[in-house]
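Comments concern the structure below.
The values are calculated or read from the model by the stated rules, or taken from the named source; none is laboratory data. What you see is a predicted model; the values in this text were computed from it and never measured. Methodologically, a virtual Cβ is constructed for each residue, glycine included, from the backbone with ideal geometry; neighbour enumeration extends over all protein chains shown.
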Amino acid sequence: MKTFARVSGFLLVCISGASPVLAAAPDANAQGFKAYEKGDIRKAHGLFEKALKKDPANPYARLNRARTTTLLQHKEDIDDACDFASNWVYLALADLSEAVKSNRAAILPKIDEDQKGLKALKALDAYKKWRKAVSVLAGEKGVADSVLGTTSEWLYVHPGQVPLFVKLGADQRVIETRSDMSEHPTAKWKRSGQGVEIAPEKAPATPRSWTLQSRESFFNQGTAFFYELLLVPDGEVPQPASEWMSGPLVAGPITEDCS
C-alpha cells in the first residue's frame, strides 16, 4: 500500500503538470569560502575561479580570488615587473578594483578589515598607492592630507620616453629626478583645497592648480585594470617650463616603463 501511494502521488504530480522541486546547484563562491576558512587555499582558489567563469561581475568572488592569489603567490619573486599576466600583485589589485567598482559600499570595508588573505599585499607600496586612489574615488575624508601631507613621489610618463620622477618635498620644493638620476629643483608647491598649487621657478612662473583624481589603468591588453592616483593640472598648460607640468602626474602600482 505504501509503495502504491508513493507511485500514485508521483503520477498525480505528473498529471497535474507540476514539476518536481530540484535542489539548487551549490554556489561555487560559497563552497570556495568554506574551503578558504578551512585553510585549503588551492581548492578555494579553483572554486573562486569557477564562480567567476559563471559570473565575472561577482564582487565577492573577486575579493576572494584576490585573497587566494595573494596567499598562493606572495612568496614568489617577480622577475619582470612588466609581465602582467604572471605578476600576482597586479592580478590581485585587478580583482580588488573590479570588486570595488561593482559594490564599493559592501566590499571596501571587507578589504580594510582583512588581516589574513590580503596581509602580504597590504604591506606593499603598490597596494598603498592603490588604496589612496580608491580613497579619492570614494571621496573619503582626509584623503588630501593622507596623499599630500608629507613628501609624495609621482611619475610623469610619456609614450616612448623614459619616465620622469617628480617629488613634492616636505620643504615645498618640486624635485625632478632625470634619467641620469640627477635631481633638479624646478618649482614650488603648496596645498590648495583638495589638491596643490605649483609655481615654476623660471618664467612663466604663473601658479597653477592641480587636483587629485583617480582613474582606471588598464593592462593585459585591456582585459584588466586597477585604480591609480593622479595629479592633474587645471586647464591646458601653455609652453610649460618643464615637460611634466603638462601633466598628469601618476602615483600608481606600476613604476616601470612598460610601454
### Message
Give all pairs with beta carbons closer than 9 Å in which a residue from the stretch 30-47 that is in the same structural domain as Pro59 (by TED's automatic domain parsing) meets a residue that is surrounded by fewer than 12 Cβ atoms within 10 Å (Cβ to Cβ) and part of a helix (DSSP H, G or I); count only pairs at least 6 apart in sequence or on separate chains.
### Response
Ala35/Arg42; Ala44/Glu37; Ala44/Lys38
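With respect to Ala120, determine if the residue is surrounded by fewer than 18 Cβ atoms within 10 Å (Cβ to Cβ), touching a helix residue (DSSP H, G or I) at 6+ places or on another chain (Cβ under 7 Å) and either of a type in the set (Phe, Trp, Tyr) or not in a loop (DSSP other than H, G, I, E, B) (or both). Working first, answer last.
Values: surrounded by fewer than 18 Cβ atoms within 10 Å (Cβ to Cβ): yes; touching a helix residue (DSSP H, G or I) at 6+ places or on another chain (Cβ under 7 Å): yes; either of a type in the set (Phe, Trp, Tyr) or not in a loop (DSSP other than H, G, I, E, B) (or both): yes.
For Ala120, the condition - surrounded by fewer than 18 Cβ atoms within 10 Å (Cβ to Cβ), touching a helix residue (DSSP H, G or I) at 6+ places or on another chain (Cβ under 7 Å) and either of a type in the set (Phe, Trp, Tyr) or not in a loop (DSSP other than H, G, I, E, B) (or both) - is met.
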### Message
Please go through the stretch 48-68 and give me each residue that is free of Cβ contacts under 8 Å to residues at least 24 places away in the same chain and over 15 Å from Ser97 (Cα atoms), ordered by number.
### Response
Phe48, Glu49, Lys50, Lys53, Asp55
### Query
Do we find that Ala99 is out of contact with any helix residue (DSSP H, G or I) (no Cβ under 9 Å at 6 or more places or on another chain) and hydrophobic (A, V, I, L, M, F, W, C) in this structure?
no
### Query
Which one of these does Leu71 not meet: (1) free of Cβ contacts under 8 Å to residues at least 12 places away in the same chain; (2) over 16 Å from the mean Cα position of the chain (by Cα)?
(1)
### Message
Filter the stretch 147-186 down to the residues that are under 19 Å from Ile198 (Cβ atoms), of a type in the set (Gly, Ala, Ser) and modelled with pLDDT of 85 or more and list them by number.
### Response
Ser152, Gly169, Ala170
### Query
Looking at (1) at pLDDT 85 or above; (2) surrounded by fewer than 18 Cβ atoms within 10 Å (Cβ to Cβ); (3) of a type in the set (Gly, Ala, Ser); (4) touching a strand residue (DSSP E or B) at 6+ places or on another chain (Cβ under 9 Å), can you tell me which one Gly235 breaks?
(1)
### Summary
Those residues of the stretch 182-213 which are assigned to a strand (DSSP E or B) and among the hydroxyl-bearing types (Ser, Thr, Tyr) amount to Thr186, Ser192, Ser209, Thr211
### Query
Is there a residue in the stretch 182-202 that is closer than 18 Å to Pro163 by Cβ and of a type in the set (Val, Ile, Thr)?
yes
### Matching residues, the stretch 137-176, being over 15 Å from Arg191 (Cβ atoms) and out of contact with any Phe, Trp or Tyr (no Cβ under 8 Å at 6 or more places or on another chain)
Ala138, Gly139, Glu140, Lys141, Val157, His158, Pro159, Gly160, Gln161, Val162, Ile175
### Task
Take the stretch 18-56 and flag every residue that is aliphatic (A, V, I, L, M) and modelled with pLDDT of 95 or more.
Ala28, Ala30, Ala35, Ile41, Ala44, Leu47, Ala51, Leu52
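Just to be sure I understand, how many residues within the stretch 28-73 are assigned to a helix (DSSP H, G or I), touching a Leu at 6+ places or on another chain (Cβ under 8 Å) and closer than 15 Å to Lys110 by Cα? Lay out the reasoning, then the answer.
Taking the stretch 28-73 and keeping what is assigned to a helix (DSSP H, G or I), we get 28-38, 41-54, 59-73.
With the extra rule that they be touching a Leu at 6+ places or on another chain (Cβ under 8 Å), the set shrinks to 28-29, 31-32, 35, 41-42, 45, 61-63, 65-67, 69-70.
Imposing the further condition that a residue be closer than 15 Å to Lys110 by Cα reduces the set to 61-63, 65-67.
Of the residues in the stretch 28-73, 6 are assigned to a helix (DSSP H, G or I), touching a Leu at 6+ places or on another chain (Cβ under 8 Å) and closer than 15 Å to Lys110 by Cα.
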### Message
Please pick out the residue among Lys101, Lys128 that is within 10 Å of the chain's Cα centre (by Cα), at pLDDT below 95 and within 21 Å of Phe84 (Cβ to Cβ).
### Response
Lys128
